[in-house]
């Protein structure tokens, strides 16, 4: 079960914003391994400025802590919901990249072991 904590800076989190952010972060849960049952996500939402009329003014940051991973993503957008979406998408990419790296390392190790065994004459019988 993914535990999620929220923090807001310079504005109040409405129930609608909380529900939207929680829904997006819960999507990440299906990408995690069974060993990451006690994963924790910290979601920080911030209004970066109050006095400017244009530019990126909302920031969403997601920190994911699991037994195997510690990942952080951040996005600044003109719309809070868009910032949440971009940060979630970046986190999904980071998780997938980490999984791909792990599986390729396992394959590489298996290849090396197979090569050593063949050199020793174990695989040619």
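Selection of the range 71-80 for residues being in contact with a helix residue (DSSP H, G or I) (Cβ under 6 Å, 6 or more places away or on another chain) and either more than 17 Å from residue 27 (Cα to Cα) or in a helix (DSSP H, G or I) (or both) yields 75, 77.
If you check residue 41 against the conditions, is it within 18 Å of residue 88 (Cα to Cα) and out of contact with any strand residue (DSSP E or B) (no Cβ under 6 Å at 6 or more places or on another chain)? So residue 41 does not fit the description; no. Residue 78 passes every criterion in (1) surrounded by fewer than 13 Cβ atoms within 10 Å (Cβ to Cβ); (2) closer than 20 Å to residue 2 by Cβ apart from (2). One residue stands out in the range 85-108 among those that are in contact with a strand residue (DSSP E or B) (Cβ under 9 Å, 6 or more places away or on another chain) and without any contact (Cβ under 8 Å) to a residue 60 or more places away in the chain: the one that is surrounded by the most Cβ atoms within 10 Å (Cβ to Cβ), namely 87.
Bear in mind that the values in this text are calculations on the coordinates, not laboratory data. Keep in mind it's a predicted model, so treat the numbers as computed, not measured. Cβ: placed from backbone, ideal geometry, glycine included. Neighbour counts: every protein chain shown.
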